[in-house]
1. Keeping to the stretch 52-84, report how many residues are of a type outside the set (Val, Ile, Thr), in contact (Cβ under 8 Å) with a residue 24 or more places away in the chain and either assigned to a strand (DSSP E or B) or closer than 30 Å to Phe37 by Cα (or both).
2. Consider Asn208 carefully, then state whether it is free of Cβ contacts under 8 Å to residues at least 12 places away in the same chain and more than 27 Å from Leu165 (Cβ to Cβ).
3. Can you give me the ranges of the strands (runs of 3 or more DSSP E) entirely in the stretch 122-202 with at least 2 residues that are at pLDDT 95 or above and crowded, with 21+ Cβ neighbours inside 10 Å?
4. Can you name the condition, by its number, that Leu40 falls short on among (1) buried (at least 19 other Cβ atoms within 10 Å of the Cβ); (2) farther than 30 Å from Tyr125 by Cβ?
5. For Ser98, work out the one condition from (1) surrounded by fewer than 17 Cβ atoms within 10 Å (Cβ to Cβ); (2) in a strand (DSSP E or B) it doesn't fulfil.
6. When the residues of the stretch 57-74 are filtered to those that are surrounded by fewer than 14 Cβ atoms within 10 Å (Cβ to Cβ) and at pLDDT 90 or above, which remaining residue is farthest from the chain's Cα centre (by Cα)?
7. Within the stretch 256-273, can you find the residues that are surrounded by fewer than 16 Cβ atoms within 10 Å (Cβ to Cβ) and hydroxyl-bearing (Ser, Thr, Tyr)?
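The values are calculated or read from the model by the stated rules, or taken from the named source; none is laboratory data. The shown structure was predicted, so the numbers you read here are calculated from the model rather than taken from an experiment. Neighbour counts run over all protein chains shown; Cβ positions are idealised from the backbone, glycine included.
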Amino acid sequence: MRATSFFIVFAVAVCNIYSQTSFGQDKDTTKKGGKFFLDLTAQYHESFGGDYKVPVPPFSYTTPDPVSMQKAGTFNYLVSAAIGYPINKNIKITLGISYTKQGQNYSDYSGTEQDTGTGFTAVNYVFSRKVELTYLKIPLQFYYNTNENKAYSLSCYVGFYYSYLLQYMDAFNIDGSTSKGHIVWSDTATGNTYHEYYHASMPWYYGNTNATYSFKSKPYKAYDFGQTLGIGVRKKLSPNVSFLIMLNYQYGFTDIKNNDSEYITNNSTRKFWGYFGSLDPNQFTTYYNSLFGISAGFRVKL
C-alpha cells in the first residue's frame, strides 16, 4: 500500500508540474464536455501472486519444515476497450472491459529426503509449481490530461476494477529419484476437476494413482476487486485520434484464494489446501493479484 500511495502522489505531482510549464500553456480550445471517445489498448505486464510453501520433507507425514518457493518472472498480457466522456478540459472518465492473463510462476525447489524404507538411500527431488489465471475485467478510470491540444501531453489516471475469473490452472509436480527407484507426483486443478497422478517405484513402496476428482468448491474465488494507476504520454495524431503509451500498476484488494476449497474423492471430501492435514503449510497463505506493465493504444473521438 505504501508503493500505491507513492505512485498516486508522484503521478499527480508530475501532471501538475507539467501543466504549469511552458509546454502546457497553449491556449485551450477544448470545450467543456464534448463527444464520447473510444480507447483501444494492449498491455504487456509482469503479474504477481501469492506465496507458496514447500512441505519439507514432501513424501512423509512427519512435521514438515516449510520452505517458501521463490517467485519467478511471470509475464502476461491484457487487451482492453473502453468508452469515455470528458468531464471538463482536463478530466475524463472511462468505463471499459478487458481480457487479461495473470498468475504466478515459481522457481523450482530442489531438496533431499532420507528414504524411510531403507534408512540409507537419499531421495533427491525437484518441486515445481505455477498458477495461471484468466479474467474478464471491468475498469472504471479517471484520466487527467495536461493539454490535449498540444502535439504531446502528459496523462495520468486512477481508478478501480472488478474482475470475473474465466478460467484457472494450478499445477505442481514433484520428481524424486534415488539410485534404486523413482517417484513422480503431479497434480493439476482446472475448472471443476482435480487430476492426480502418482507413480512410485522404490524399495519401500510401489504404487500408481491416475485419478480425476470433482471440486465441491474451487480453490480460487470467482471475483477480484482492486485499484488501477497509470502515467504516460499522449501523442495527438489528428483532431480525432491520439496515441497513448502508459505505465500501469494494478493491485487487488481481495484475497482470491479459497482456503475452504474441497474436492470429492471416494464418497468423501478432502481439502485442496490441506493435503497434509493440519501440517500443510499452505492452508492459510494469501493470494493477492497485482501487476506492473506498459500499455499502448489509440483514443478515437466518436
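1. Residues in the stretch 52-84 being of a type outside the set (Val, Ile, Thr), in contact (Cβ under 8 Å) with a residue 24 or more places away in the chain and either assigned to a strand (DSSP E or B) or closer than 30 Å to Phe37 by Cα (or both): 11 in total.
2. Taking the combined requirement at face value, the residue satisfies it.
3. Those strands (runs of 3 or more DSSP E) span 122-145, 152-178.
4. For Leu40, the exception is condition (1).
5. If we test Ser98 against (1) surrounded by fewer than 17 Cβ atoms within 10 Å (Cβ to Cβ); (2) in a strand (DSSP E or B), just (1) comes out false.
6. Among residues in the stretch 57-74 that are surrounded by fewer than 14 Cβ atoms within 10 Å (Cβ to Cβ) and at pLDDT 90 or above, the one farthest from the chain's Cα centre (by Cα) is Ser68.
7. Passing the criteria: Thr265, Ser268, Thr269.
Residue-by-condition table, conditions (1) more than 17 Å from Lys53 (Cα to Cα); (2) touching a Cys at 6+ places or on another chain (Cβ under 9 Å); (3) at pLDDT 90 or above:
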| residue | (1), (2), (3) |
| --- | --- |
| Lys235 | yes, no, yes |
| Ser238 | yes, no, yes |
| Asn266 | yes, no, no |
| Phe276 | no, no, no |
| Asn282 | no, no, no |
